[in-house]
1. Based on other C-beta atoms within 10 Å, arrange 144, 254 from fewest to most.
2. Could you sort the peptides 149-157, 78-86 by per-residue average Cβ neighbour count (10 Å cutoff), highest mean leading?
3. What FRET efficiency would be calculated for the residue pair residue 270, residue 242, taking the C-beta separation as r and a Förster radius of 22 Å, to the nearest 0.05?
4. Quick check on segment 46-172: take the gyration tensor over C-alpha atoms, sort the square-rooted eigenvalues as a ≥ b ≥ c, and tell me if it's rounded (a/c under 1.5), prolate or oblate.
5. Which FRET efficiency, nearest 0.05, do residue 201 and residue 172 yield, Cβ-Cβ r, R0 22 Å?
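What follows is calculated from the coordinates using simple rules that are stated; it is not laboratory data. Predicted model, so just to flag it, every value in this text is computed and none were measured. Here Cβ is always computed from backbone atoms with ideal geometry, including for glycine, and neighbour counts include all displayed protein chains.
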């Protein structure tokens with residue numbers, strides 16, 4: 001059983017590494033914060049998986065690794081938890097094109113720090129109930145927090161590809177999280193044989209499925225052209241937002257996935273000038289990132305389509 005578990009942890013680490021790499025490349029190309037937060041989130045997940053892998057490996061080999069295992073646990077585990085706790089809600093808000101409210105952000109950081117600081121208590125006491133409480137009030141709460149943010153903002157999303165991707169995550173949460181909570185509850189109620197309690201199968205399965213979804217969705221985003229790339233920007237959008245001819249050229253390149261440096265090389269202007277133009281575009285259209293800008297343009301296309309049908 002330990003060997004099988006070790007293989008699962010290795011697969012999880014490989015999947016996390018792939019997601020980190022792809023999300024990092026997408027952030028470099030598009031500059032959208034959601035990809036940065038996803039990459040950081042998977043860094044936290046991989047640190048936690050490494051902790052579990054070391055623990056499993058120490059039970060396989062005959063050498064005494066208790067000291068090494070404890071050091072890894074006390075160093076990597078709190079860092080991994082803190083990264084995940086902070087990145088999950090930040091990623092959810094960025095994915096739906098919303099700004100993370102300052103008050104909620106501060107409250108999340110304080111709450112996350114409070115959960116992480118209970119780690120020494122769990123280690124010293126060795127109480128399984130304390131560890132269970134840490135997992136529930138930490139991982140489970142922040143996961144549910146992120147999915148609630150997505151669910152409450154789901155209807156306002158106009159980008160069909162994004163909506164489809166977020167729907168897959170909501171389905172994953174609906175299918176996997178309830179069994180995971182029931183599994184953890186069974187630890188206290190002695191519903192599951194003790195030999196299997198130390199192996200967090202629901203968490204491993206969730207991590208694998210989450211990474212598979214991330215890789216699939218990011219690859220789709222990277223290689224599938226969006227509808228906006230194949231359209232001209234409507235004159236109504238240009239006039240109502242007072243977009244200049246240079247700004248229009250920059251928007252067209254942004255919708256094709258060009259980053260600031262690529263836009264500068266194409267238009268023979270500096271990256272700093274491009275950044276200034278983008279800031280002006282965001283200010284005029286009252287958006288905060290490229291995804292919101294694409295949604296805004298998509299809204300104008302939908303409006304014109306409805307008027308033409310009428």
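1. Listing 144, 254 from fewest to most nearby Cβ atoms yields 144, 254.
2. My ranking of the peptides, most packed first, is 78-86, 149-157.
3. Computed FRET efficiency for residue 270 and residue 242: 0.40.
4. Values: a/c = 2.94, a/b = 1.97, b/c = 1.49.
Prolate, since a/c reaches 1.5 and a/b exceeds b/c.
5. Taking R0 as 22 Å, the efficiency between residue 201 and residue 172 is 0.90.
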